[in-house]
Every structure is written in structure tokens, then in C-alpha cells.
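To start, the structure itself, in C-alpha cells.
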């Protein structure tokens, strides 16, 4: 009666409605269908969401063709419903999500409104999502006598976590541009004919789906194919247009050294343990290379016959590769490389040679948790570098006097940290450039007690100072800090936090006069 008294069917200006039940109540409720029936909104509605509904079926008004203005419909966690409502007759529906219908075993013509054969089902639909349909086994029909007339405008299709689904994908999707399938290990259907598809993502699926990859793809992501040993034909075809490729958790996959990826610009490899070396010259247009979690990777290489510079390469990111030991002999000839990051590569002993000459455009340089590296390359870093981070590289840090940061006129931000127990005061004489540095981040020095007033006051452009995880830090100079400094950020420094909060007598004299101090993310005004 309360639902009926709400009179939603009379509220003609209501265009968005969310009906949501308590997610903790998982029991079937016999009265919920009558409640939902009495909550029928006005036909002017444009957006509808139903979540955690406990009935065994949805009322007839959900999907009724009289709701001619509905453009967005989301049905989620209706765990006890055995069937899906007839939705294909909604003439303006553009975005449909059906998620968490755990008892639905089969999608049949009822979804498409088969009783109205004169109208193309889902004629306006552009985005379709099916997910968490744990017992769904088959889409027996896509609701039209002529498959080509179903989903004529569909641009994006997402199928996620349907572990029992075996077949029934649409045959032809003329407008499809993006297609994603996740966690459907039994799906053996062929991919739809999609002449304009540009993005495809396949993760934790049956390898059958890889047999006929479209050659017109621009972006491809594949993952979780443990038994995959070679690249699918569509991926290495001479006429492919592939620009972005991401491969993850393909444990046996080998790079096809006989092929060149002439159009590839972005490549991400994550968890490909079969990869032992990466030949940079196979990818003449590569812009961004990211290699993560490749446990057996040992080297980046360039063939001796390759005499050209890697003129398009801008970003190198290598992370969590415990056996990675070397870069190409003679260095990396990449005149436009702007970002270089290496982290958690415990076997790496040296950085690329001649960085100051071969990488003149380098803007960002980060090296994190690489304990065996002992020095920067001979000649130092490129003079144009603006951001440098050196963290948890103990051997490198012990030789910090030879870093040559004073010779880097463009340096604006510097991050330094580690577990070095010998540091009691920082920064040390002559380590940092005096004029141009704007941000300084210091972290992880367990025995550091103070920041050096003499060296800090030379940083005449410093605007922000951050100190993290220095438990013994108890002193920041009150006077003599650069006048440009406006923010000090402190985290994980309990002694300094206690000092600031007390603000009593002699202790107050140790507190700097700065406009803003943030301690453990709480702001104090100076």
C-alpha cells in the first residue's frame, strides 16, 4: 500500500528512478513483485535501475513498449529471477546492463520481444553488458529471424563472468566498435562479424576465441591464456592495423622474432614468464613499452644490424622483473624518450650507457628498489631531466656525492628515499642544485633526526617539502628556510607530529614559520 500511495505513475516529470533493496537480505520475498508492480513509474521515464530485487520474476511493466523514452536500463543482482523481461521493444533504449541474474540458464527470444516481429529488436541499443550470470549456458537466439537485423546500432558489447556460457554470440554486429569478454572459459562460439570493430579484450576465456582475430583492430588486450605459445594469425598479419597491444598472464607465449609489428605504438606485457629477452627493433613505431612481472626477462636488445635510432620511443617502464640484468650494448638510441622508469629489478647492476648523449629529451627518470645498481652511467644523466626519483637503491645512494645533480639546470622535482641507517641529517652539502628545485620529497630514513638548515636555505625556488616515514625526525629549522617555501607535508614522523601538536615553550621555537603544514594529512595553518 505504501508503494501504491507513492503514485509514481502520476509523476510525469520524473525521468530517473533507482529502486534498491537491502543487499543483506538474500531470501526470496513473495511480496516484492507486488511492491515493484505498485512502484510502476510514469512512461516519461528515461533511466531506470533495479538492484537487489528479491522476487522470482519482474513485473510486466519492466520492458513494456509504452516506456518509449527509456534510454538507460540497469538490472542488477536480481538473484532469484529465472527469466529476463522482454526488453527488445523499448524503442529508445541505448544502454542496457543485465548483471547478477544467477538463476538464468538460457536467454531466449523472450528477451527480444518476439511477439512483435515487425519491429527490429533493440533497434537503438548502443551499449550492452551481461555479467555475473553464473548459470547462463546458452543464448539460443538473438531474437530475430534475420540475425543481421538484431542490434543494428550496437557499438559496445561486454560479457563478464559467465563461466558456463558455451555459445550463442550474435553472428553479425555491423556497428560494433568495442568488444570485451572476461571469465567465460567454456565459450567456444566464433567472434561476431564486426567490420568496424577497433577494440577487443579477451581475458580468462577459451583459446578458440583467438583463432580468428579481426585484422582491422586498433587495440587488443588478451590475458589468462596459460597454454598460448604463439601469437594468433590476426595479430601478426602483414595487413593488421594494431596500434595498442596488452598481453597479461600468458605464461608460455613467445614473441615471433620473424615478424615486425609495423603499426604497433603501445605494448604492455604483464606476467609473461616465457619472455627472456625483448627485441626493441621489432617494433619500429613503438611509443610506449611497459614490461611488468615477467619473471624470466633478462634483457632488452637491439640487433647489431639495426643502425637506426628508435625515433618514436617515448616511454620505457620496467617493473618486477627479478632476473632482468641488462640493456642493449652501447645504450638505447632514443632521441625522443621522455620517461624512463625501472623498479623492483633486484638483479639489475647498471643503467643504459651514454644516457646523457643518447637520451637528450629525457624528462622523467625513476629508479626504485634496484639494490645492485651502484652508479649513474658515465657522463651522468641528460641535462634536460626535470624529475628524478631514487628510492630503495642502497648501493647507489652510498655514492650520492657523485650523482652530479648540480649539473642538471632543468631539475624541478627530486625524490629520494630508502632504508639507509647512516643518514642522520639531510640534505648533505653539495648534493642538490641550488636554484631551480621546486619540490623535494624525502622518505624512509629510519635514523634521520633533522633537516639541514644550511643546505635547505640554498634552495631558493623550493615551494613544497615532503617528508615521509622518518620515525626519528624531531627537528625542522624554524628560521633560515627559503622564503619561497609555502607547504611542508609530514607523514609517518611521530616525534615531529607530537612536537607540533604540543606547541609549548621551548618546543615551539623548533616549529618553522610556513603558511601550510600538513601532518598525516591534517592541515595546520602557520
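The values are calculated or read from the model by the stated rules, or taken from the named source; none is laboratory data. Keep in mind that what you see is a predicted model, and the values were worked out from it rather than measured. Here the Cβ positions follow ideal geometry from the backbone for every residue, glycine too, while neighbour counts run over all protein chains shown.
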Reported set for the stretch 354-376 where residues are outside any loop (DSSP other than H, G, I, E, B) and within 15 Å of residue 386 (Cα to Cα) is 355, 356, 364, 365, 366, 367
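For the stretch 203-222, what are the residues that are assigned to a loop (DSSP other than H, G, I, E, B) and buried (at least 16 other Cβ atoms within 10 Å of the Cβ)?
If we filter the stretch 203-222 for residues that are assigned to a loop (DSSP other than H, G, I, E, B), which is where we start, we get 206, 211-218.
206, 213, 214, 217, 218 - these are the residues of the stretch 203-222 that are assigned to a loop (DSSP other than H, G, I, E, B) and buried (at least 16 other Cβ atoms within 10 Å of the Cβ).
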Out of (1) at negative phi; (2) in a loop (DSSP other than H, G, I, E, B); (3) in contact with a helix residue (DSSP H, G or I) (Cβ under 9 Å, 6 or more places away or on another chain); (4) buried (at least 16 other Cβ atoms within 10 Å of the Cβ), what's the single condition that is false for residue 429?
-> (4)
Take residue 390 and decide whether it is buried (at least 17 other Cβ atoms within 10 Å of the Cβ) and in a loop (DSSP other than H, G, I, E, B).
-> no
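Here's the yes/no breakdown for (1) over 29 Å from residue 309 (Cβ atoms); (2) touching a helix residue (DSSP H, G or I) at 6+ places or on another chain (Cβ under 8 Å):
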site: 354; (1), (2): no, no
site: 364; (1), (2): no, no
site: 371; (1), (2): yes, yes
site: 390; (1), (2): no, yes
Inside the stretch 407-418, the number of residues satisfying the requirement of being part of a strand (DSSP E or B) and in contact with a helix residue (DSSP H, G or I) (Cβ under 8 Å, 6 or more places away or on another chain) is 2
Filter pass, residue 404 being free of Cβ contacts under 8 Å to residues at least 40 places away in the same chain and touching a helix residue (DSSP H, G or I) at 6+ places or on another chain (Cβ under 6 Å) | no
Check every one of the strands (runs of 3 or more DSSP E) wholly within the stretch 230-317 and list those with 2 or more residues that are more than 21 Å from residue 351 (Cβ to Cβ).
-> 244-248, 266-270
Whichever residue in the stretch 454-488 is in a helix (DSSP H, G or I) and touching a strand residue (DSSP E or B) at 6+ places or on another chain (Cβ under 9 Å) and, among such residues, is farthest from residue 522 (Cα to Cα) | 455
Being within 25 Å of residue 337 (Cβ to Cβ) and out of contact with any strand residue (DSSP E or B) (no Cβ under 7 Å at 6 or more places or on another chain) narrows 273, 281, 226 down to just 281
Can we say residue 200 is outside the structural domain of residue 133 (by TED's automatic domain parsing), within 17 Å of residue 246 (Cα to Cα) and either assigned to a loop (DSSP other than H, G, I, E, B) or within 23 Å of the chain's Cα centre (by Cα) (or both)?
-> no
When the stretch 239-250 is checked residue by residue, the ones that are buried (at least 16 other Cβ atoms within 10 Å of the Cβ) and over 19 Å from the mean Cα position of the chain (by Cα) are 240, 242
The stretch 120-149, residues that are at pLDDT below 80, in a loop (DSSP other than H, G, I, E, B) and crowded, with 16+ Cβ neighbours inside 10 Å | 120, 141, 142, 143, 144
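Here is a yes/no grid of residues against (1) under 23 Å from the mean Cα position of the chain (by Cα); (2) modelled with pLDDT of 95 or more; (3) closer than 22 Å to residue 314 by Cα:
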residue	(1), (2), (3)
234	no, no, no
237	no, no, no
260	no, no, yes
269	yes, yes, yes
272	yes, no, no
277	no, no, yes
For the stretch 489-507, name all the residues that are more than 20 Å from residue 418 (Cα to Cα) and either touching a strand residue (DSSP E or B) at 6+ places or on another chain (Cβ under 7 Å) or in a loop (DSSP other than H, G, I, E, B) (or both).
-> 497, 500, 503, 504
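Given the residues 196, 188, which is the only one that is surrounded by fewer than 16 Cβ atoms within 10 Å (Cβ to Cβ) and in contact with a helix residue (DSSP H, G or I) (Cβ under 6 Å, 6 or more places away or on another chain)?
From the options 196, 188, the qualifying one is 188.
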